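The values are calculated or read from the model by the stated rules, or taken from the named source; none is laboratory data. Everything numeric in this text was worked out from a predicted model, so none of it was measured. Cβ placement follows ideal geometry from the backbone for every residue including glycine, while neighbour counts extend to all protein chains displayed.
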Amino acid sequence: MTQPTTPRTLSAAARALILALAVLMLMGVALAAPARLRAQTAAPNATEMLIFDWNKPVTKTMGGFAQYKPLSATKYPNGNWLSPINWTNGTLYFRARVLSIPQNQPSMKLGFCFWQNSPRFGEECTKNYAVPGAAGTERRWSQSFKSMAKINGAAINWALPRWKAGFVVRGPNGPVSPKAGMNWGGQNPAHWYPLNIHYTAVLVINGSAPDWTKYGWSSN
């Protein structure tokens, strides 16, 4: 006849060790969120901040949209842009250099957008600026933040985090993309992608041009 087993009890020292490990795990979770928030928040006395930097190929599989999503998983500021600094009063400065492209595309334009999916959908975009698609082309341009277009009237609440941000590759007939029935804008995507490009966006509050040497560019 099998004798019933007696449940083993943990020693006081073992229980204390398990409790200490549990506390350390909870502290790690609690500290991680503020650290991420600090990394995505500009300093209170900042006058400019890097909001986007892309230095790699835009591939066909991206469908013409070079985006970082979700923004919450990146290093880029994604907090409250209305307070304590109202960044929406600032100016967006862009700089782009085409490194390579399968075939020259003199009609290429680039437009930058932000998207938000909570508490409701929002999409705001800059104008589309000419950056001829040829290796070595470099362009700089700027636009006031508040002049961005609210696509289909879908404004973004700048006090809340954004979902994604990035630039859109456009040809003579719109985005060179298969999304939403765009059919690559009537273009052959093999002639456009991979588009190897360095594209940087800096938001400046006081209106003066940024110091580009701080953002991976060789000179101002």
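Considering 90, 111, 122, the condition of being in contact with a helix residue (DSSP H, G or I) (Cβ under 8 Å, 6 or more places away or on another chain), modelled with pLDDT of 95 or more and within 25 Å of residue 201 (Cα to Cα) is satisfied by 90 alone.
Residue-level check: of (1) assigned to a loop (DSSP other than H, G, I, E, B); (2) in contact with an Asp or Glu (Cβ under 9 Å, 6 or more places away or on another chain); (3) within 21 Å of residue 184 (Cβ to Cβ), residue 76 misses just (3). Looking at the stretch 165-181 only, could you name the residues that are surrounded by fewer than 16 Cβ atoms within 10 Å (Cβ to Cβ) and over 15 Å from residue 132 (Cβ atoms)? Passing the criteria: 173, 178, 179, 180, 181.
Would you confirm whether any residue within the stretch 210-218 is buried (at least 18 other Cβ atoms within 10 Å of the Cβ), of a type outside the set (S, T, N, Q) and under 17 Å from residue 65 (Cβ atoms)? Scanning the stretch 210-218 turns up no residue that is buried (at least 18 other Cβ atoms within 10 Å of the Cβ), of a type outside the set (S, T, N, Q) and under 17 Å from residue 65 (Cβ atoms).
One residue stands out in the stretch 119-162 among those that are under 17 Å from residue 198 (Cα atoms) and charged (D, E, K, R): the one that is surrounded by the most Cβ atoms within 10 Å (Cβ to Cβ), namely 140.
Each row is one residue, and each column tells you yes or no for (1) crowded, with 17+ Cβ neighbours inside 10 Å; (2) of a type in the set (Val, Ile, Thr); (3) under 15 Å from the mean Cα position of the chain (by Cα); (4) part of a loop (DSSP other than H, G, I, E, B).
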position	(1), (2), (3), (4)
57	no, no, no, no
66	yes, no, yes, no
83	no, no, no, yes
97	yes, no, no, no
103	no, no, no, yes
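Restricted to strands (runs of 3 or more DSSP E) entirely inside the stretch 106-220, those with at least 3 residues that are of a type in the set (A, V, I, L, M) are 164-171, 195-204.
If you go through the stretch 182-209 and keep only what is farther than 21 Å from residue 51 by Cβ, exposed (fewer than 13 other Cβ atoms within 10 Å of the Cβ) and in contact (Cβ under 8 Å) with a residue 40 or more places away in the chain, you end up with just 190.
When you look at residue 72, is it over 19 Å from the mean Cα position of the chain (by Cα) and modelled with pLDDT of 55 or more, yes or no? The answer is no for residue 72.
One line per residue, one yes/no per condition, for (1) in contact (Cβ under 8 Å) with a residue 40 or more places away in the chain; (2) of a type in the set (Phe, Trp, Tyr); (3) under 22 Å from residue 147 (Cα atoms):
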position: 73; (1), (2), (3): no, no, no
position: 85; (1), (2), (3): yes, no, yes
position: 93; (1), (2), (3): yes, yes, yes
position: 128; (1), (2), (3): yes, no, yes
